[in-house]
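Rule-based calculations on the coordinates, nothing more; no lab input. Treat the numbers as computed from the prediction; the structure is a model and nothing was measured. Please note: Cβ atoms are built from the backbone with ideal geometry, for glycine as well, and neighbour counts cover all protein chains shown.
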Amino acid sequence: MSFVAVSDLYKSYGPAPILERVSLQVPRGEFVTIVGASGCGKSTFLRMLLGQEQPDRGRIAVEGMPIPGEPGPDRGVVFQKYSVFPHLTVLQNLLLPAEIEKSPWLGRLFGESRKTAKAEAEALMEKIGLSHAAKRYPAQLSGGMQQRLAIAQALLKKPKILLLDEPFGALDPGIRQDMHELIGEIWREHAMTIFMVTHDIQEAFKLGTRLLVFDKVRHDPQHPGAYGATITYDLKLNKPAIASGNGPDESEAMPGDAAKEEAIP
Ligand SMILES: Nc1ncnc2c1ncn2[C@@H]1O[C@H](COP(=O)(O)OP(=O)(O)OP(=O)(O)O)[C@@H](O)[C@H]1O
Ligand SMILES: [Mg+2]
C-alpha cells in the first residue's frame, strides 16, 4: 500500500476539463516536484491533495484512507504568497493555530498551554532564523523571511504531508538557495512527504526525489480547452527518498545545470 495513492482522478471547472486520468503512487518520505505549463492544473492538484477541492471522479487515499473533504493537521501547505496573517506578528502567527485549537472562543491561551505553545513557536523561530523578528509584522519582513514564517506555520501541526505551491517563486536567487537548504533540512529531519510545484526546472531536479510533468496528451486545435492535463512524465531522480535511506547527499552529482547552480554561493 502506498502512502499516497491517487487513482484515475478527473477535475473540471464548469465545462472545462482541467485534469484527467491522473494516477500516482507515492511512498512515504518522497519529495515529489511538479512542473507543467501555466494553467494546466498543478495548483488544482495540490488543492485536491489538501482536501480543499474535490475531484469529479477518482480518489485520493493517504495510508489507505480517503482524505477528508477539508484540510486537516496531517497536511500543511505553503503558497507563493498570502500564507501568513498580515495583522499578526511573527510570534502571534505561530501561536494562532494552538490558540484556535485550544481556545476556539477566546482565541487566547493561558498558563501552561500558553507556555508550551510559546516554547514550540520559539523553537521554530530559532530553526528558521526568525527569533530576532518575533515582534515584527509580515509587512516588515523580507520576502524570504515571510516564506520562512509560512513554512514554520505549516510545520506547527507536524504534518505528514507538506504541500508547497511555488513557495520560492517570488524570491531572489540567493535567498532561494538558502530556502532550498532549509526545506531540504526540514524534509530530512521531519521525515515528511513533500509535493512541491515549481516553475523552475532546476529547482525541481535539485530538490526532488521524483519529478512529475503535467501536460495535455490530447489536443483539439478547434477546441483548445477540450481536454485536461495528466502526468506525462514521472521521473525518478538520482536521490533516495528519506524512508528508504538517508536524505539527499548534498555532495551528490546533480543532473545538468542544477550542479552548476549549487556552486553559486
Ligand atoms: N476555482 C476555480 N474556478 C474556475 N476555474 C478555475 C478555478 N481554479 C482554477 N481554475 C482554472 O483551472 C485551470 C488550472 O488552474 P491551476 O491554478 O490549477 O493551474 P496551475 O497549473 O497551477 O497554473 P500556474 O502555473 O499559472 O499556477 C486554469 O485554467 C484556471 O483558470
Ligand atoms: Mg498554480
### Task
In whole Hz, with x marking every Gly and Pro, tabulate ³J(HN,Hα) for the stretch 201-216 from phi via Karplus 6.51 cos²θ - 1.76 cosθ + 1.60, θ = phi - 60°.
5, 5, 4, 4, 5, 5, 8, x, 9, 7, 10, 10, 10, 9, 7, 8
## Note on the structure
Per the helix-only model, the chain has a calculated mean residue ellipticity at 222 nm (DSSP H runs of ≥4, -39500 (n - 2.57) each, divided over all residues, rounded to the nearest 500) of -10000 deg cm²/dmol
### Message
Normalised by the empirical 2.2 N^0.38 Å for globular proteins, what value does the Cα Rg of the chain take?
### Response
1.04
### Message
Quick check on the stretch 81-178: what are the equivalent-ellipsoid semi-axes from the Cα gyration tensor, as sqrt(5λ), descending, whole Å?
### Response
24, 14, 12
### Task
Would you kindly derive the ³J(HN,Hα) couplings of the stretch 38-48 from the backbone phi angles with the Karplus curve 6.51 cos²θ - 1.76 cosθ + 1.60 (θ = phi - 60°), listing them in order in whole Hz, with x for Gly and Pro?
4, x, 7, x, 5, 5, 4, 4, 5, 5, 6
### Summary
For F31, the residues 5 or more places away or on another chain with a placed amide H closer than 5 Å to its own amide H are I194, T209, R210
#### Entry: Cβ charges +1 (Lys, Arg) and -1 (Asp, Glu), total dipole of the stretch 1-117, debye
220 debye
### Query
What's the local net charge at L212, with K and R +1, D and E -1, over the other residues with C-beta under 12 Å away?
0
### Distance (nanometres) between label positions extended 7 Å along Cα→Cβ at K135 and E189
2.6 nm
### Query
Near the amide H of L141, under 5 Å away, which other amide H atoms are found, from residues 5 or more places off or on another chain, if H is placed in the peptide plane?
none
### Summary
With a Förster distance of 30 angstrom and the Cβ-Cβ distance between Q92 and D172, calculated FRET efficiency to the nearest 0.05 equals 0.65
### Task
Rounded to the nearest 10 degrees, what's the angle between the helix 90-102 long axis and the longest principal axis of the chain, both from Cα atoms, 0 to 90?
80 degrees
### Query
Can you work out ³J(HN,Hα) from phi for every residue in the stretch 131-140, in order, using Karplus 6.51 cos²θ - 1.76 cosθ + 1.60 and θ = phi - 60°, giving whole Hz and x for Gly and Pro?
4, 6, 10, 3, 9, 8, 8, x, 5, 8
### Query
Given the pairs K118/K236; K42/K135; K127/K216; K158/K239; K115/K206, which span a C-alpha to C-alpha distance of over 31 angstrom in this model?
K118/K236; K42/K135; K127/K216; K115/K206
### Query
All other residues with a Cβ under 13 Å from the Cβ of E122 taken together, and with Lys, Arg as +1 and Asp, Glu as -1, what is their net charge?
+3
